[in-house]
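Report on the structure given below.
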């Protein structure tokens, strides 16, 4: 993997931290039980998700043309990847 592609994957993982969906789900459950705090205050990992840049300004969007991305799409069920 080229160095610039590796750096883009690091940027991607910073914007989409592992486990963010679990944090988002937990925040919604907590809020449905009456907690008035924002999801970002409850789980700081969600700040990267809720404050994500738009697609046009996103340097991570260039990963879609990379060799690793192509291999991921070729994997079983890979055609269902959505970002």
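We did not get these values from a lab; they are worked out from the coordinates using the rules stated. Since we're looking at a predicted model, the values are computed, not measured. Don't worry about glycine lacking a Cβ; one is built from the backbone with ideal geometry, like all the others, and counts go over all protein chains shown.
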Ordered by fewest other Cβ atoms within 10 Å, a rough proxy for footprinting exposure, 50, 12 read 50, 12
Quick calc: nm separation of the 7 Å Cα→Cβ label points for residue 37 and residue 7 -> 3.6
